[in-house]
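Only one structure is covered here, and it is reproduced in the block below.
The values are calculated or read from the model by the stated rules, or taken from the named source; none is laboratory data. Note that the structure is predicted; figures quoted are calculated from it, not measured. When we count neighbours, we look across all protein chains shown, and the Cβ atoms used for this are built from the backbone with ideal geometry, even at glycine. Heads up: the accessible areas ignore ligands, DNA and RNA and are worked out on the full protein's heavy atoms, side chains in. Shrake-Rupley method; radii C 1.70, N 1.55, O 1.52, S 1.80 Å.
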Amino acid sequence: MSGAAAALKARELAKMKRIALALLATVTLLFVLARLQHGAGPWAWVAAFAEAAMIGALADWFAVVALFRHPLGLPIPHTAIIPANKDRIAGNLAAFIRDKFLATDTIVRKMRAFDPAGRMAVWLQQPDNARLLADKLASALAGWLDFIDDARVRRFLAAAIRGRLRQVDLSAMSGKILDALTADARHQEVLDAALARLARWLDDPDVQSAFAGMIVEVAGKEYPKVLRAVGLVTDTDEFSRRIAASIVRGINGWLHDIGDDPQHPRREAFDESVAEFIGRLKTDETLTVRIEAAKRDLLAHPATAEYLNGLWDDLKAWLRSDLQRPDSHLATRLRGAAAAFGKALTENRALRDSLDDHLESAVTALADDFRDGLADHIASTVRGWKDADLVRELELSVGRDLQFIRLNGTLVGGAIGLLLHAATLLVPGVG
């Protein structure tokens, strides 16, 4: 309760207490005046009303005060009821809220009636709402970048990532990946693409000429005597180049033959090599040990950490720079994604039903823990309040209405007094 609201309630409560006290003082004065007149004539009626009204006012004053404190500070049994039973009240209040307001079927029923997916679809269809959601997500991402930038967080994440990578069986995982990549002869498609690109490259006369020149140059340097002995390199450069060009054309023709013939022996050899390598990845312990050792060395090498940190710093700098721009590319994409999701929800009933079903499942799964946790929180909070604070809050909340009990008790008591006085006059022997 805010300070201004509490002050207003306190003033209203004090006003009602003064009215109730004033009414008690009035009937007490009437009673005294009636007694001074010895209850003669009409004063008998006044005395009967005033006496019963005083009794009713005092009884209800006692009842109201006894809820919150000991009347007149006297430790009368069964008074100060609320402070004395604070723990039990806290438990009962928490159980009431849990069972009546937070029952799982009640929450699910309310959620169905609310139609969250439909409302989300309508809400996201509004451009301002999609922009608002995207901006909030972008802001959250910027905050997340600041969080990740903390040196302690970065060390923790780096250690966690390295720990997870150490646990990865790279050899077996590579075998499974290659299995998936080679299913339905996909690796042959990769081979076809590579052969076609290499063959097109060697079809270029300039490339053939340059390649032939490289052969002549390398062979002449590495094996001059051997090549001269067999006549492949002579003192005539043009002859040497013609021989090298023939070798290049032969290689190019061989590549075309492999690419054009699905049953070419080299393809079968490629299949066998790939299959053998995949098998070794899965079963060869020596290869597994070597791969794991290479992985550990790579992870432990300072250059790896430096490279990864550099990549992260570059990505982070780009994200920060982009998010700070009015025309942020990322924010624009987020807005488009939010609007597109809203449009998809609007047009696709199955998607809305799926979202509602998943939300319902999540609520059902979490409701019991949430209910119990909230009930425990309410109970522990109320139990933790000081008695004076609890009494003050409750009295400010309902005390003004309770003062009407005192007013009603005064008036109803007086009316009963009149009825009883009338009975004594009308019924012989009564009184």
Q) Under a point spin-label approximation (7 Å from Cα along Cα-to-Cβ), what is the ILE405-THR28 distance to one decimal in nm? A) 2.1 nm
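Between ARG296 and ASP115, 0.36 nm times their residue separation minus their Cα-Cα distance comes to what? Each step should come with its number before you reach the end.
Details: separation 181, 0.36 × 181 = 65.16 nm, distance 5.22 nm.
Once the chain is fully extended between ARG296 and ASP115, it gains 59.9 nm.
Carbon and sulfur: what percent of segment 1-154's accessible surface (1.4 Å probe)? Display every interim value, and only then the final one.
Values: 6380 of 9580 Å².
Its accessible area is 67 percent carbon and sulfur atoms.
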Q: Describe numerically, in nm with one decimal, the distance between label points set 7 Å from Cα along Cα→Cβ at ASP387 and at LEU418.
A: 4.2 nm
(Q) Which order do you get for PHE147, PHE49, PHE341 if you rank them by accessible area with a 1.4 Å probe, largest at the top? (A) PHE147, PHE341, PHE49
(Q) Keeping every protein chain present and rolling a 1.4 Å probe, give me the accessible area per residue for segment 330-399 in Å². (A) 61 Å²
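For LYS9, LYS86, what's the largest-to-smallest order of accessible area, 1.4 Å probe?
Numbers: LYS9 70, LYS86 25 Å².
From most accessible down to least: LYS9, LYS86.
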Q) Taking the Cα atoms of segment 22-136, what is the range of coordinates along each of the three principal axes, in descending order and whole Å? A) 84, 34, 29
Q: Above 22 angstrom, tally the Cα pairs of segment 328-431 and express them as a % of all pairs, no decimals.
A: 73 percent
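When Lys and Arg each count +1 and Asp and Glu each count -1, what net charge do the other residues less than 13 Å away from ALA113, Cβ to Cβ, add up to?
Numbers: positive: ARG109, LYS110, ARG112, ARG119; negative: ASP105, ASP115, ASP356, GLU360.
Counting the neighbours of ALA113, the net charge comes to 0.
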Q.
So with the 1.4 Å probe, I'd like the accessible area per residue for segment 1-141, rounded to whole Å².
A. 62 Å²
Q. For ARG325, what accessible area in Å² do you get when you roll a 1.4 Å probe over the heavy atoms of the protein chains, rounding to the nearest 10?
A. 110 Å²
Q. Spin-label point model (7 Å from Cα, Cβ direction): what's the ARG35 to ASP322 distance in nm?
A. 9.0 nm
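Do the alpha carbons of any pairs in LYS9/LYS86; LYS17/LYS86; LYS110/LYS316; LYS110/LYS343; LYS282/LYS316 sit beyond 32 Å of each other, and which pairs?
Values: LYS9/LYS86 23 Å; LYS17/LYS86 25 Å; LYS110/LYS316 43 Å; LYS110/LYS343 25 Å; LYS282/LYS316 38 Å.
Going by Cα-Cα distance, LYS110/LYS316; LYS282/LYS316 fall outside the 32 Å limit.
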Q. How big is the accessible area of ASP314 in square angstrom, nearest 10, if you roll a 1.4 angstrom probe over the protein chains?
A. 110 Å²
Q: In whole angstrom, note down how far apart the Cα centers of segment 1-71 and segment 325-371 are.
A: 61 Å
Q: Would you check the accessible area of THR381, probe 1.4 Å, heavy atoms only, in square angstrom rounded to 10?
A: 50 Å²
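Can you sort HIS70, HIS38 by solvent-accessible area, 1.4 Å probe, largest first? Provide the component values of the computation, followed by the final result.
Values: HIS70 75, HIS38 165 Å².
So the residues, ranked largest to smallest area, are HIS38, HIS70.
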